[in-house]
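Novice: Take a look at the following structure, please.
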Amino acid sequence: MEYILIFIAAVFVNNIVLAQFLGICPFLGVSKKVSTALGMTGAVTFVMVLATLVTFIVQKTILDPFHIGFMQTITFILIIAALVQMVEIILKKVSPALYQALGVFLPLITTNCAVLGVAIMVIQKEFNLLESIVFAASIAIGFGLALTIFAGIREQLSLVNVPKGMQGSPIALVTAGLLAMAFMGFSGIV
């Protein structure tokens, strides 16, 4: 039951993008097409879960026992950067089309504060390893859900006549705000 609560809270109630405002850069940048959003979701999910696993182990086996917790941020950033490079190499070989579609946003996963935020949050919330993995996967699913819904709305907006002053970023930001307000309706669930 505890894992279900972690899942619901991470996906709907405390959505990393819409409630905590982490990961906004890929949210706004990769959300023009649903197919690209789904690819970015897969990449972020893989990196987020793997980064959480590795950073949790590093925290518990190196940083905590040697009392060097002050090195947490820089250590986590280096781990995330290495994992993103690995994902980039794998995507280039396995799916060149997705690699091209993600373009500059794939290296931006390195600086995606949502990935670092989740790695730090699992330590602050004192989750065990399994709870950490469930939390990271749930956050990634919530990120993907928000990104995919937003991409679908943006695809539909490209088909309608939006006033000239609202085209592009203005309508995207208004839409993101409305989507965040819609997700606030889930706040009473958990």
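The values are calculated or read from the model by the stated rules, or taken from the named source; none is laboratory data. In this text the structure is predicted, and so the values were computed from the model without any measurement. We place every Cβ from the backbone using ideal geometry, glycine too, and count neighbours over all the protein chains shown. Ligands, DNA and RNA are stripped out before the accessible areas are found, and what is left, the full protein with its side chains, is counted by its heavy atoms. Shrake-Rupley method; radii C 1.70, N 1.55, O 1.52, S 1.80 Å.
Novice: Just subtract the alpha-carbon distance of C113 and L173 from 0.36 nm times their residue separation and send over the number in nm, one decimal.
Specialist: Result: 19.7 nm gained on full extension.
Novice: At what distance in angstrom do the alpha carbon centres of the range 158-190 and the range 3-72 lie from each other?
Specialist: Answer, in whole Å: 23.
Novice: Over the chain, average the accessible area per residue using a 1.4 Å probe and give it in Å², no decimals.
Specialist: That works out to 51 Å² per residue.
Novice: Along the positive direction of the dipole of the chain (beta-carbon charges: Lys, Arg +1; Asp, Glu -1; about the Cα centre), which of A151, S187, A119 reaches farthest?
Specialist: The Cα lying farthest towards the positive end belongs to A151.
Novice: Return the distance in nm (one decimal) between the two label points of a simple spin-label model at L159 and I62, each offset 7 Å from Cα along Cα→Cβ.
Specialist: Going by the 7 Å Cα→Cβ label model, 5.0 nm.
Novice: Counting only protein heavy atoms and using a 1.4 Å probe, what share of the accessible area of the chain belongs to carbon plus sulfur, as a whole percent?
Specialist: 72 percent
Novice: Quick one: if you take sqrt(5λ) for each eigenvalue of the C-alpha gyration tensor of the chain, what semi-axes come out, biggest first, whole angstrom?
Specialist: They are 30, 21, 13 Å, listed from largest to smallest.
Novice: Relative contact order for the range 1-107 using alpha-carbon pairs under 8 Å, separation at least 6, rounded to a whole percent?
Specialist: 25 percent
Novice: Another question, then. Starting from the Kirkwood Rh over alpha-carbon pairs, what translational D in µm² s⁻¹ does the range 83-190 have by Stokes-Einstein at 37 °C and 0.692 mPa s?
Specialist: Diffusion coefficient, whole number: 197 µm²/s.
Novice: If you line up the long axis of helix 129-157 against the longest principal axis of the chain, both from Cα atoms, how many degrees apart are they, to the nearest 10?
Specialist: 10 degrees
Novice: Using alpha-carbon pairs under 8 Å, 6+ residues apart, how would you state the relative contact order of the chain in percent?
Specialist: Rounded, it is 44 percent for the chain.
Novice: Taking a 30 Å limit on the Cα-Cα distance, which of the listed pairs K33/K125; K32/K125; K32/K93; K32/K60; K92/K164 fall beyond it?
Specialist: In this structure, K33/K125; K32/K125; K32/K60; K92/K164 lie more than 30 Å apart at Cα.
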